[in-house]
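Below is one structure, written out as structure tokens, with a few remarks after it.
The values are calculated or read from the model by the stated rules, or taken from the named source; none is laboratory data. Everything numeric in this text was worked out from a predicted model, so none of it was measured. As a convention, Cβ positions derive from the backbone with ideal geometry for all residues, glycine included, and neighbour counts pool all protein chains shown. Heavy atoms of the whole protein, side chains included, go into the accessibility calculation; ligands, DNA and RNA do not. Shrake-Rupley method; radii C 1.70, N 1.55, O 1.52, S 1.80 Å.
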Amino acid sequence: WIRARRRSGRERLAATTARVASHKTFLLCASNAIRRLLDITMMRSDKRIGMFLSAMLLPWTASSQATQEEVAALRAQLFALIPAGEPARTNVVGSWVRLAFHDAATFDRANPIAGRANGCVDLSNVANAGLNRVIDAIEPTCAAAATVSRADCWQLTANVAIEAAGGPSIPFRVGRVDVAVCTGAASLAANHPDAERTDEHTTDVFVTRMGFTQQEVTALMGAHTLGRADAGDSGYDGSWVAQSSRFNNQYYRDMVQLPWVRQTNAAGDRHSWRIPGQGRLMLNTDMALAFDIGTDANVNQLTCSTGVGNKRCPSTAPNRASVDRYVASNADWIADFVPAWVKLQELGYTGLLTLPTGAAVPPAPAPAAEVAPAEP
């Protein structure tokens, strides 16, 4: 009789524990789904309603509780969203990386919580123009993954884009926390790099404010090999490389091996570098990795070029040695890019992120793209 009573008590306790776990899972899933709805409300609708809901739901803000299986399933669903043909494939992989960068690159060591990747970008700020289309495209997939935070989903989306473009499989940890308000005083979009400036500026942004090394800065800039600039979003137009859905070191090769000349748009407010007769571009912050193109104060008044003309830009930029190393070896660039990219994704979360729970799931291979002609 005593053994039966003890067994009955253990069974009741086990049943109660299971019910509590089930309720916690439900509450977490529900709160994550509501917060994603709240984020959309904050960005596109009545801010007063969003602020009220945010105050009510603040205690339920939680980091991801995702399992390996759930992350693997989400990864496969994201791969399925990437088209095989061009130019759609280029636009998707480039814009996914841009969204993740814009969410994470507002980080400031002086204010690490506010600027870290948090699943929220200020769509009213011109620096984030066009990202509304990206968010709309991936939001149903991210929202369906109820145990994965939106911030985690955005960063995973970029990793999927890089791998689909032939790049490496990037280590990924979960636990980023979503926020609902990133407009007004909460918007840190002004922290993004200004492409009109030089390595002085990128040093201020990446090294001084964010804590990167110059080598990490040079490696991260190679992500420009994916996607293209859209005049309707940024004021710049063109891709950095000819085959801009391939993740490789062509960005660095073109930077130092092709003839670039300065160009100013009709409005006089956008300066870029062009190959005569072609639509590709480099920005000041790109060219300043390899060449001395001036200072932040005078860069857009100077007239040097690379590979053409008599007034050549000196190849004396502080990061030139790293650029030359990446020109010579795609493997060296990848080896430096991956830890720098992971560092960017995890800024502000030191000691807070974890691997998804459960046994590791072998990743499914990235879907193949349509065959493109060789790089010229």
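Name the residue, out of 264, 213, that is free of Cβ contacts under 8 Å to residues at least 60 places away in the same chain, open to solvent by 40 Å² or more (accessible area, probe 1.4 Å), of a type in the set (S, T, N, Q) and touching a His at 6+ places or on another chain (Cβ under 6 Å).
Of 264, 213, the one residue that is free of Cβ contacts under 8 Å to residues at least 60 places away in the same chain, open to solvent by 40 Å² or more (accessible area, probe 1.4 Å), of a type in the set (S, T, N, Q) and touching a His at 6+ places or on another chain (Cβ under 6 Å) is 264.
Conditions (1) surrounded by 13 or more Cβ atoms within 10 Å (Cβ to Cβ); (2) in a loop (DSSP other than H, G, I, E, B), marked per residue:
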{"residue": "248", "(1), (2)": "yes, yes"}
{"residue": "268", "(1), (2)": "no, yes"}
{"residue": "276", "(1), (2)": "no, yes"}
{"residue": "290", "(1), (2)": "yes, yes"}
{"residue": "303", "(1), (2)": "no, yes"}
{"residue": "317", "(1), (2)": "yes, yes"}
{"residue": "325", "(1), (2)": "yes, no"}
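Here's the yes/no breakdown for (1) among the aliphatic types (A, V, I, L, M); (2) touching a residue at least 40 places away in the same chain (Cβ under 8 Å):
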| residue | (1), (2) |
| --- | --- |
| 291 | no, no |
| 295 | no, yes |
| 303 | no, yes |
| 312 | no, no |
| 324 | no, yes |
| 334 | yes, yes |
| 349 | no, yes |
| 352 | yes, yes |
| 357 | no, yes |
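From the list 158, 242, pick out the single residue that is part of a helix (DSSP H, G or I) and small (Gly, Ala, Ser).
On the way: 242 fails: part of a helix (DSSP H, G or I).
Checking each option against the conditions leaves just 158.
Which residues, counting only those in region 126-152, are more than 16 Å from residue 180 (Cβ to Cβ) and among the hydrophobic types (A, V, I, L, M, F, W, C)?
Those that are more than 16 Å from residue 180 (Cβ to Cβ) and among the hydrophobic types (A, V, I, L, M, F, W, C): 126, 127, 129, 131, 134, 137, 138, 144, 145, 146, 148.
Any residue at all in region 233-246 that is open to solvent by less than 10 Å² (accessible area, probe 1.4 Å) and out of contact with any strand residue (DSSP E or B) (no Cβ under 8 Å at 6 or more places or on another chain)?
yes
Do we have any residue at all in region 139-151 that's basic (Lys, Arg), out of contact with any His (no Cβ under 9 Å at 6 or more places or on another chain) and closer than 24 Å to residue 246 by Cα? First the steps, then the outcome.
Residues of region 139-151 basic (Lys, Arg): 150.
So of that shortlist, the ones also out of contact with any His (no Cβ under 9 Å at 6 or more places or on another chain) come out as 150.
Next cut, closer than 24 Å to residue 246 by Cα only: none.
Within region 139-151, not a single residue is basic (Lys, Arg), out of contact with any His (no Cβ under 9 Å at 6 or more places or on another chain) and closer than 24 Å to residue 246 by Cα.
Here's a check for you: in region 100-122, which residue that is surrounded by fewer than 24 Cβ atoms within 10 Å (Cβ to Cβ) and in a helix (DSSP H, G or I) is modelled with the lowest pLDDT?
114
Can you tell me how many residues within region 278-288 are assigned to a loop (DSSP other than H, G, I, E, B) and crowded, with 24+ Cβ neighbours inside 10 Å? Break it down stepwise before answering.
If we filter region 278-288 for residues that are assigned to a loop (DSSP other than H, G, I, E, B), which is where we start, we get 278-280, 288.
From what's left, crowded, with 24+ Cβ neighbours inside 10 Å: 288.
Counting residues in region 278-288 that are assigned to a loop (DSSP other than H, G, I, E, B) and crowded, with 24+ Cβ neighbours inside 10 Å gives 1.
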